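The values are calculated or read from the model by the stated rules, or taken from the named source; none is laboratory data. Predicted model, so just to flag it, every value in this text is computed and none were measured. Reconstructed Cβ throughout: ideal geometry from the backbone, glycine too, with neighbour counts over all protein chains shown. Keep in mind that these areas ignore ligands, DNA and RNA; they rest on the heavy atoms of the full protein, side chains included. Shrake-Rupley method; radii C 1.70, N 1.55, O 1.52, S 1.80 Å.
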Amino acid sequence: MGPLSAKSYPGRDLVRPTPPLAGRARQEIDYGRRGKGYVFEAFCPATGAAFTRPYPGRGTAHWVAFLEAVAAWLPQEAGRIYAIADNLGSHRTTDALLFLLAHPRWEMVFQPKYGAYLNLIEPWWRILRSLALAGRPFETWDEVAAAIAQATEYGNAHRHPVVWGRRRHRPRRQPGIALLPKAA
């Protein structure tokens with residue numbers, strides 16, 4: 001996820017507690033870029049567990065370091081590990097292939113171009129952005145990284161399995177075009 005900048009992120013609340021009667025809700029534009037970075041994330045849809053690490057860039061060295069951290073985070077009794085990745089160039093480098101050779105239970109699966117909706121981590125990113133970034137101003141990249149870590153900890157404490165294609169909290173529609181009125 002990224003690039004993320006240390007800036008003010010808009011939220012749902014008004015900036016001023018008492019806006020003018022005829023005025024619209026406004027938020028002052030924050031042009032300041034006080035540091036940036038990327039957040040790498042691993043997500044287990046079967047359990048809903050997430051693992052995040054902030055990095056200053058998204059190059060090969062950071063990608064391989066993240067894969068090593070994920071390998072240490074995952075339980076040893078887990079069988080085959082399928083890592084779904086996008087088509088970023090650093091995901092296909094020699095160092096990434098050497099990591100896969102050193103860890104035989106890992107397999108990289110690359111999602112098709114323009115197929116981000118196929119990756120189950122996308123809904124988690126939306127939740128993470130709303131928990132960590134929405135409505136908060138940040139002065140440094142370290143504050144952003146701390147907010148991401150705190151939101152990940154909260155998400156792991158309240159996790160649930162994720163199933164692709166099923167939306168939560170939506171009531172089922174009744175079959176048919178319209179329901180007949182109930183006779184009194």
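A few points about this structure:
- Subtracting the Cα-Cα distance of Asp142 and Phe110 from their residue separation scaled by 0.36 nm leaves 8.5 nm.
- Potential lengthening of the chain between Glu153 and Tyr82 amounts to 23.2 nm, from the contour at 0.36 nm per residue minus the alpha-carbon distance.
- The residues neighbouring Thr60, those whose beta-carbon lies less than 13 Å from its own, together hold a net charge of 0 under the Lys/Arg +1, Asp/Glu -1 convention.
- Stokes-Einstein diffusion for the range 62-159 at 10 °C, viscosity 1.306 mPa s, with a Kirkwood radius from C-alpha pairs, works out to 102 µm²/s.
- Computed over protein heavy atoms with a 1.4 Å probe, the carbon and sulfur contribution to the accessible area of the range 87-167 reaches 58%.
- Long-range HN-HN contacts of Ala85 with modeled amide H, under 5 Å: Val109, Phe110, Gln111
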